[in-house]
Amino acid sequence: MFWQVTLSILKGCGEAAELFFLTLLFSLPLGLVISFGSMSKWTPFRKLYGRQNRFLHGLARIRPISTITNTVVWIIRGTPLMLQLIIVFYGPGMWFDANPWNLFADGRMFACVLTFVVNYACYFSVIFRGGIEGVPVGQREAGQVLGMTKTQIFFKVTLLQMIKQVVPPMSNEIITLVKDTSLARIIAITEIIKAGESFMKSDGITWPLFYTAVFYLAFVGALTLLFGWIERKMDYFR
Amino acid sequence: MAILEVRNIEKHFGATRVLEDISFELERGQALAIIGSSGSGKTTLLRCLNFLETPDQGSISVEGSVIFDAADPATQKESELRKKRLHFGMVFQSFNLFPQYTALENVTLAVKLLAKERQDYKQNKNRILAEIEDEGKALLERMGLSDRADHYPHQLSGGQQQRVAIARALALHPDILCFDEPTSALDPELTGEVLKVIRSLADQKTTMIIVTHEMAFARDVADQVIFMDGGVIVEQGPAKEVIDNPKQERTRQFLSRYAEN
């Protein structure tokens, strides 16, 4: 029985790991893009500045890109991930009578990864923004007076300093992601909890449910070691 | 002909006017000290020369060619600004060394990136990079830091960091080297080593603009002095003349406060 349960939970771990790694793979770069969006200072209507008409004058200050991204981040961070999963997976079928997820081989997982990616990218974007803004202005200015391009300044000067700053908050968020994979069961993905819980119905035993904690702990333990190693790797500068 | 000609520079931050009608010239090989109390616009002026701030009015010419004119948008293109900045080197009050690079890497980073734009970079890559490394090492040696080339900034004292920053600025061979209060962030016992380096640069006829609170140093090292107050140039002239015999009342007041301390 023990091995049967372990094997079943390990299968759940496979689903959870797939969700975890795919989410990280796509949400890290997307989060960086969103963080740039939220910092955008682009004001397409700035020529209207100083107009008599108060509406036009106000329009001049609007930064559409940062306004839109900040609104999206607010909506995504302001609603439960579980609700977002339900809306994304069941919404199209319920309201539009069409289920696009059937088009994919593993539609449930696809919808789940998509939702997780967008959700986590929004959280990451805020951490990235903090990291970028946490690099002193003098660093960018030093790059500028040395004739470096904006791209060179970002990749050669800012990026590593930003990464160093974001590792602790990112490790928090990534550890949360491990446990958030359990939300996938709401759209019937057999992740770790669902795999453990299923033995209550089939065999009337509860210990497999609590046994799942061991797997989360092992996963998070490995991640903790990894983050500790990364932090030590970047100890060489301050 | 003057290497630098600044004409009628004016700069506002919102409604506050920080620079008003600033004009001066600088000859090749001369050192210019800008003195004045905090908030008088010295640093802003230096930042305008490096295009870290854009002047609202006025023009800047280097060796007779206009590199910036507030009235002519053609001189303000972002793409050309980067190249124009290279006329000026900048040493910051807070050093601003890149913490993730060693002293030598700090000195060579920008030079290596610029070398990539050279036409012959691909064919002679190894030779070019080796030359840059050698030059970087030579610069650090000139700063008395040859044994610190592989140290990271946080392993260096403030005075050493500032000397690395000077080497970094020199590595790009700027026409004019600017110093923004280079010793203000240093302990008094570390000030001397940085001033010594700047003094030796002056002896080698490096064209320099130094914003400083070290009056004795300005008097000894600079050829010209500009005294600024409230965003305007109150007095300018040969260093010893301005500091020993100021003509303006405001300059006298400012200098006497220094004499008291």
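The values are calculated or read from the model by the stated rules, or taken from the named source; none is laboratory data. Please read all numbers here as calculations on a predicted model, not as lab measurements. Here the Cβ is made from the backbone with ideal geometry for all residues, glycine too, and neighbour counts use every protein chain on show.
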In this structure, is A:THR158 of a type in the set (Val, Ile, Thr) and farther than 28 Å from A:ILE87 by Cα?
yes
Here are A:LEU209, A:LEU183: which of them is in contact with a helix residue (DSSP H, G or I) (Cβ under 8 Å, 6 or more places away or on another chain), free of Cβ contacts under 8 Å to residues at least 40 places away in the same chain and either away from chain B (no Cβ under 14 Å) or assigned to a loop (DSSP other than H, G, I, E, B) (or both)?
A:LEU209
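Here is a yes/no grid of residues against (1) at pLDDT 95 or above; (2) within 22 Å of A:LEU159 (Cβ to Cβ); (3) buried (at least 18 other Cβ atoms within 10 Å of the Cβ); (4) away from chain A (no Cβ under 13 Å):
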site	(1), (2), (3), (4)
B:VAL91	yes, no, yes, no
B:LEU97	yes, yes, yes, no
B:TYR101	yes, yes, yes, no
B:ARG118	no, no, no, yes
B:TYR121	no, no, no, yes
All helices (runs of 4 or more DSSP H) inside segment A:28-124 with 2 or more residues being within 30 Å of A:GLU18 (Cα to Cα)
A:64-78, A:81-96
How many of the residues in segment B:43-72 are within 14 Å of another protein chain (Cβ to nearest Cβ) and not aromatic (Phe, Trp, Tyr)?
11
Restricting attention to segment A:38-77, report how many residues are hydroxyl-bearing (Ser, Thr, Tyr) and modelled with pLDDT under 80.
1
Please determine whether any residue of segment B:54-61 is touching a residue at least 60 places away in the same chain (Cβ under 8 Å) and crowded, with 19+ Cβ neighbours inside 10 Å.
no
Taking only segment B:11-36 into account, find how many residues are modelled with pLDDT of 90 or more and in a loop (DSSP other than H, G, I, E, B).
5
Name the residue that is nearest to B:GLY29 (Cα to Cα), counting only residues in segment B:173-190 that are of a type in the set (A, V, I, L, M) and surrounded by 19 or more Cβ atoms within 10 Å (Cβ to Cβ).
B:ILE176
Filter segment A:134-146 for residues that are surrounded by fewer than 21 Cβ atoms within 10 Å (Cβ to Cβ) and touching a helix residue (DSSP H, G or I) at 6+ places or on another chain (Cβ under 8 Å); the one that is nearest to B:LEU172 (Cα to Cα) is A:GLN144
Out of the residues in segment A:121-130 that are surrounded by 21 or more Cβ atoms within 10 Å (Cβ to Cβ) and within 10 Å of A:PRO169 (Cα to Cα), which is farthest from the other protein chains (Cβ to nearest Cβ)?
A:PHE124
Every residue from segment A:145-163 that is at the interface with another protein chain (Cβ under 7 Å from one of its Cβ atoms) and among the hydrophobic types (A, V, I, L, M, F, W, C):
A:VAL145, A:LEU146, A:MET148, A:VAL157, A:LEU160
Suppose we filter A:ARG51, A:ARG108 for residues that are touching a helix residue (DSSP H, G or I) at 6+ places or on another chain (Cβ under 8 Å), among the charged types (D, E, K, R) and free of Cβ contacts under 8 Å to residues at least 12 places away in the same chain; which single one remains?
A:ARG51
A:ALA142 vs (1) away from every other protein chain (no Cβ under 14 Å); (2) at pLDDT 95 or above: all pass except (1)
Being crowded, with 19+ Cβ neighbours inside 10 Å, more than 13 Å from chain A (Cβ to nearest Cβ) and not basic (Lys, Arg), is that true of even one residue in segment B:161-169?
no
List the number of the failed condition for A:TRP42; all other conditions in (1) more than 24 Å from A:SER182 (Cα to Cα); (2) surrounded by 12 or more Cβ atoms within 10 Å (Cβ to Cβ) hold.
(2)
Just to be sure I understand the filter: pairs with C-beta atoms under 6 Å, separated by 6 or more residues or on different chains, first member in segment B:84-108 and closer than 17 Å to B:GLY158 by Cβ and touching a residue at least 12 places away in the same chain (Cβ under 8 Å), second member among the basic types (Lys, Arg) and assigned to a helix (DSSP H, G or I). Which pairs pass?
B:ALA103/B:ARG148; B:ASN106/B:ARG168
What number of residues within segment B:201-238 are among the polar types (S, T, N, Q), more than 30 Å from B:HIS12 (Cβ to Cβ) and in contact (Cβ under 8 Å) with a residue 24 or more places away in the chain?
1
Can we say A:MET94 is among the aliphatic types (A, V, I, L, M), over 30 Å from A:SER202 (Cα atoms) and touching a Lys or Arg at 6+ places or on another chain (Cβ under 9 Å)?
no
Restricting attention to segment B:233-253, does a residue exist that is out of contact with any Phe, Trp or Tyr (no Cβ under 6 Å at 6 or more places or on another chain) and of a type in the set (Ser, Thr, Tyr)?
no
